[in-house]
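Contents: one structure, followed by commentary.
Laboratory data are not the source of any read-out in this text; all were calculated from the coordinates shown. All values reported here derive from a predicted model rather than from experimental measurement. Here the Cβ is made from the backbone with ideal geometry for all residues, glycine too, and neighbour counts use every protein chain on show.
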Amino acid sequence: MPTNPPRPAAGRPRPGRTADTAAPAAGLRTAVTAAGIAAALVLLAGCGSHSADAGSAPPGGRPAAAPAGSAGQDGTAIPDEDVVTSVTADPALTAELPARIRSRGSIVLGTSRVVGTSGLPHGGQAPDGSTVGLDIDLRNAVAKVLGVTWDVQYGTFPTVIPGVQNGKYDVGQDNFGATRAREQVVDFATYLNDGQSFLGAEDIAADKVTRLTDLCGYTVATSPGSTFQQLLTDGAGECAAAGKKPYKVQYFSDNAPIILGLTNGKVDISFGPTLSLEYEARHIPRTKYLGQITTTPVGFVTARNSPLAKALSDAVNKLIATGDYARIFAKWGVTGTGVTRSVVNPPTTF
């Protein structure tokens with residue numbers, strides 16, 4: 001597994017990379033080397049399209065899996081332990097599903113398409129093009145418990161929840177954090193806890209972010225329609241109140257330009273989910289993890305008052321009881337982020 005190159009000593013920012021200065025001139029950011037850009041581009045490269053998720057075989061069938069010893073485009077080993085095939089259906093939980101879903105044997109799932117490995121551990125592509133990741137293993141195990149398969153249909157992060165609301169999808173999954181506003185229009189069945197964290201370019205002055213005012217003067221990139229956008233928008237006046245230069249926000253629906261921006265000097269800090277940013281800090285050269293400011297329960301999204309929410313939550317709790325849930329989290333090395341019990345519409349942090 002490749003490791004990041006040595007970083008400069010803490011507290012010694014490179015010239016021009018403090019929060020109150022503009023992006024450095026060409027040559028000042030040493031991260032923009034041929035090797036650094038090549039590593040970022042290799043990491044972000046896609047493997048081509050796919051028609052189904054790994055693990056979407058009918059109940060009892062063996063899900064497609066990455067070849068043993070497979071590696072991502074950055075050379076990082078992708079765990080290939082099969083943690084889904086041994087999961088068995090629970091007829092009592094199947095009976096909780098709406099009759100129309102039991103009849104057709106599948107649940108229409110709305111999610112965004114993953115490309116390359118930049119979305120891991122939540123989701124990414126193995127070298128053979130199959131979809132892999134923590135979220136994929138979890139939902140495939142849930143489907144096995146419920147005795148159905150997923151009919152995976154692709155949208156974008158901002159369109160999945162509206163798609164659930166208007167009936168296009170039965171369920172949405174895209175690392176959606178439960179918020180007060182979202183719980184007014186959809187229901188959540190929780191399956192993990194994630195957080196809101198920061199990943200910085202190696203040569204910025206900041207080594208830790210514990211509050212939004214630590215971002216003052218920096219260019220911050222995040223995804224639109226997300227909890228991250230909400231937090232940055234709500235805190236937009238905090239820098240001025242503290243007598244500091246405001247932060248600038250850039251929005252990208254794809255993670256690839258954010259990571260590239262960190263390497264080419266156009267982005268100082270990425271604001272995103274903790275699991276993903278911790279993964280990126282380990283595998284993307286010349287970046288540094290800056291810390292987490294909040295945590296959020298994450299869950300499957302269903303229409304308001306849909307019986308699907310309880311069925312999904314009960315399926316997650318069955319996986320917790322059997323130990324399959326813990327095995328999935330251990331496979332992806334994120335054992336501290338699971339829930340002890342899934343609930344419908346959890347208390348929200350904002």
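Put one equal scatterer on each alpha carbon of segment 168-295, apply the Debye formula with no solvent term, and list log10 I(q)/I(0) at q = 0.11, 0.17 1/Å to two decimals. Each listed q maps to, in turn, -0.39, -0.89. Taking N as the residue count of segment 203-270, its C-alpha radius of gyration divided by 2.2 N^0.38 Å amounts to 1.07. Stokes-Einstein diffusion for segment 76-198 at 20 °C, viscosity 1.002 mPa s, with a Kirkwood radius from C-alpha pairs, works out to 136 µm²/s.
Taking other residues whose beta carbon is less than 14 angstrom from the beta carbon of I328, and scoring Lys, Arg as +1 and Asp, Glu as -1, yields -1.
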